[in-house]
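The values are calculated or read from the model by the stated rules, or taken from the named source; none is laboratory data. Quick caveat: nothing in here was measured; it's all calculated off a predicted structure. Positions of Cβ are backbone-derived with ideal geometry, glycine not excepted, and every protein chain shown enters the neighbour counts. Remember, those area values only see protein heavy atoms, side chains included, never the ligands or the DNA or RNA. Shrake-Rupley method; radii C 1.70, N 1.55, O 1.52, S 1.80 Å.
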Amino acid sequence: MIQRKEKEVMCQGERACLEYIEVAVALPVYNTFTYRIPENLSFFASIGKRALVPFGRRRVTGYILGPSEDMDHGKIKLILDVLDETPLFHSSMIPFFRWIADYYIYPIGEVIKSALPGGLNIYDFVAVAITEKGKNALIKDNLTPLQSEILCHLKLKSCGLRNLCAKLKSQIPNSLIQAMEKQDLIISKRELKGKRTGPKMERYVSMINPGISTDKLSAQKMQILHVLRDDGEISVKKLTGLIPTASRLIKPLEKAGYVSIFNKGTYRDPFGESIIPDNPYKLTKEQEKAVSTVIDLLGKGFSTCLLAGVTGSGKTEVYLQIAAEAIKRKISVLILVPEIVLISQMERRFRARFGDCVALLHSRLSAGEQYDQWMRIACKEVRIAIGARSALFAPFADMGIIIVDEEHDTSYKQESGLRYNARDLAIVRAKLSDGVALLGSATPSIQSYYNVKTKKFIELTLTKRVEKRPLPEITVVDLRKTRDVRGIGYFITDELYKAMKKTLSRGEQTILFLNRRGFAGFPVCASCGAPLTCKNCDISLTLHQKANAYKCHYCGYSLAATSNCSKCGSSRIKLLGLGTEKVEEAVKNLFPDARVARLDRDTARKKNAMLNILKGLKNNTIDILIGTQMVAKGHDFPNITLVGIICADLSLNFPDFRAGERTFQLLAQVSGRAGRGTVPGRVILQTYNPDHFSIEAAKNQDFKAFYNKEIVFRKALNYPPFSRIILLKISGKDSGKTKRYAMDVGDLCNTLKKNNNSFLKTVEILGPITASIPRIAKQFRWQILLKGISAKHLHLFVHQLLFKNRERISSRDVKMVVDVDPFFMM
């Protein structure tokens, strides 16, 4: 356990001046509000702490942002309580939160709530409780069956109306609740709920009177005192480990005045096994140049660098040596990685180099572990934090450099709630902190490389692998030639089979990549030709053989694998399409003695399952790994010498202007897993489109060739980086209402553009149109795409659309979400 050191971020002077404060509430409201601090709480309130505040008839969590600038201090409500001993975030982060709220058109209280560890907030709700009269009525038995059920349940415990309906599995009319209240059978009251997370307290013991006589003490009590003399204070848990009877002996020792027993905050340790320390590696000339360039920029204001390095070129070592210099200068370092599974690899490298001054932030930690890691950063106990996209909000007061590894990765875009892009916000935070943003990738995004070309970013390059290792040799296999082949041969071609056989014979490892999970992605009826589709979505089901079910990958709906055709009732279902399960089965049949594993969302669901698979690769207990894009990202296993790409075209024809870019990045990244050790690697790339420029560029591992062709199409169609886009996502359960709402919003957009000269030339409206997948999870989906050369004009357009037409836009039946800089257009 790591001892907690509580430190105040705000000084006494700053605290004393806070009487009228600006508060953002954790509710979907866009404004901030002014509250007054009562005298009894004035010492405890400071910027960055949470306060319990009255809001209408409710009590909710609010965040103290600073002194209120609202001079109208008429009917100002008092805050009810201060909820934190130590500020959760520094005052320097507030401009960052305001920027996010403004740019992503999202309530600032909800922005802060999204940034903080989960389980902290308190809110109140209406609870229903039984009265004495209600208890007596149960005995007299002159109630209706539903009234009796309600009172029986409330006799055990008061609860909210929604929970009561769920427990009774019945919809309870509001009129019945009101009638029972009038009869004084039940009472409604407001109760506080929430705050599942906080500091962990542990019992400690320390010696307080070393000079007192110990003549009459037993041998075991004497042993306890000897331990305390040597260690000072010690946790009761650790003391019991040394002396098993200690837990029952320390209380008598306390009564006799020898020791003091007290509670103390401790940190929950998320790291697990210890790491063997390492030393910096000797850098190549290209690495040296990259490191020295970034180090020269530290402390000299804001700048952004793009480190474009081929796979295996040693980008992580560059990050480590830059971080070492930042630590020497007493400035903080934040490292973002796109996937939680990659954090383990990065965390091990950084802990081996920097020890305990590293914090972890990601959603796989327990709520308590997340809280502890957050507080270690807020209390300035660590200088380095590593995490996935949410780590962007790490509460450093002195951010020096933010490193975004695999900056091209779409996982940096949040697709629900606050739809932010962590890569873009890393640059914004670095700018607001006068720090450096370092973006790294073997396949940079078109946007980032365009910023290099327009001199917004500084370009750093690593063109060679470390230790002069060659890039893998890539062979393209044209699948059109095997189109009529039956059985396994149509997706594991003869060339791939021979390469796998040779790799196995040498005791080396193989990765097979197919970005589609399941067994068969297109089951159809052999009698009538109808596909098996999801009842909630306009999409076909996928057979998952291991689960013995057809599943929808969008809403989770499933059918038994024995199900008949819903159209004609036939049991003759033809299993078309391909997935990782089918490839796994085929490989096991081809190579029965090989140790085969599969890595996709299905196999990685259980805790630590993904880490165990990757450990198997590292320890050479897996010969062949079949996987989706999970196998393509950043893994470094020197014994993998062959990568087989089953079908390179799956993402190429998506209705999305970034389809070619994503295809190139995915193919180049998965190819880069081969040959990272002393043995050269080989890639077999199977495709139906061998002449497509994305496939050609991936084959030649030539990002600049891909960029030069792709940027021409982007410019011609006025898509990013030559424009900014905002997607209005409209969804509702009723097809007709959703369509009418989408048309109304479209009319509002066109009217707004027509009536404002500044929008006529700067905003382009595409739609409304049904989404590529018209229905998901029983929700009918429409969208409107807004394009503009200027982000300022585009945001102004959406602000006017939303806030000047609230009555027309608000609807109980249809929801509209604003997605700024969308990544997924489907």
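Among 571-579, 678-686, sorting by the average number of other beta carbon atoms lying within 10 angstrom of each residue, highest first, gives 678-686, 571-579.
With both labels modelled 7 Å from their Cα along Cα-to-Cβ, the E85 to S363 distance reads 3.1 nm.
Tell me which trypsin sites (Lys or Arg not before Pro) from the stretch 424-478 have a DSSP coil assignment and no more than 11 other beta carbons within 10 Å of their own.
K455
For the stretch 464-516, with all protein chains present and a 1.4 Å probe, just round the carbon and sulfur fraction of the accessible area to a whole percent.
48 percent
Helix content alone sets the calculated 222 nm mean residue ellipticity of the chain: runs of n ≥ 4 DSSP H residues at -39500 (n - 2.57) each, divided across all residues, give -10000 deg cm²/dmol.
Using C-alpha pairs below 8 Å separated by at least 6 residues, the relative contact order for the chain is 9 percent. Our estimate of slack between L611 and A547, defined as 0.36 nm per intervening residue step minus the Cα-Cα distance, is 20.9 nm. Per residue, the average separation of C-alpha pairs within less than 8 Å and at least 6 apart gives the stretch 387-539 a relative contact order of 15 percent.
Here semi-axes √(5λ) of the Cα gyration tensor in Å was computed from the coordinates, and among [x] 46, 39, 33; [y] 54, 39, 21; [z] 44, 34, 27 the match is [x]. Reducing the stretch 431-462 and the stretch 739-780 to their Cα centroids gives an inter-centroid distance of 33 Å. Straight-line cross-link partners of K155 among the aspartates and glutamates, defined as a Cα under 16 Å from its Cα and at least 8 positions apart when in the same chain: E132, D141, E181, D184. Reducing the stretch 523-593 and the stretch 627-704 to their Cα centroids gives an inter-centroid distance of 27 Å. For the residue pairs K282/K464; K535/K737; K157/K182; K380/K618; K300/K330, alpha carbon separations beyond 23 Å are given by K380/K618.
Listed peptides 596-607, 209-220 appear in the order 596-607, 209-220 once ranked by packing, highest mean of other Cβ atoms within 10 Å at the front.
Among the listed pairs K113/K778; K238/K264; K431/K761; K285/K468; K761/K787, which are separated by more than 19 Å between their Cα atoms? Listed pairs above 19 Å: K113/K778; K431/K761. Please work out the average accessible area per residue across the stretch 623-690, using the 1.4 Å probe convention, and give it in Å². Counting only protein heavy atoms, the per-residue value for the stretch 623-690 is 25 Å². Grab the other residues whose beta carbon is less than 15 angstrom from that of D691, score K and R as +1, D and E as -1, and report the net. Counting the neighbours of D691, the net charge comes to +1. Taking only protein heavy atoms and a 1.4 Å probe, the accessible area of the stretch 770-822 is 50% carbon and sulfur. Farthest toward the positive end of the dipole of the chain, out of P638, I776, A352, is the Cα of I776, where the dipole comes from beta carbon charges about the Cα centre. When peptides 490-502, 535-547 are sorted by average Cβ neighbour count within 10 Å, with the highest value leading, the order is 535-547, 490-502. With all protein chains kept in place, the per residue accessible area of the stretch 430-474 amounts to 49 square angstrom at a probe of 1.4 angstrom. Solvent-accessible surface of the stretch 741-781, taken per residue with a 1.4 Å probe and all protein chains present: 54 Å².
Relative contact order of the stretch 403-479, taken over Cα pairs closer than 8 Å and 6 or more residues apart, is 30 percent.
The stretch 134-179 and the stretch 385-406 have Cα centres lying 50 Å from one another. Taking the 1.4 Å solvent-accessible surface of the stretch 607-710 as the whole, the part contributed by carbon and sulfur is 51%.
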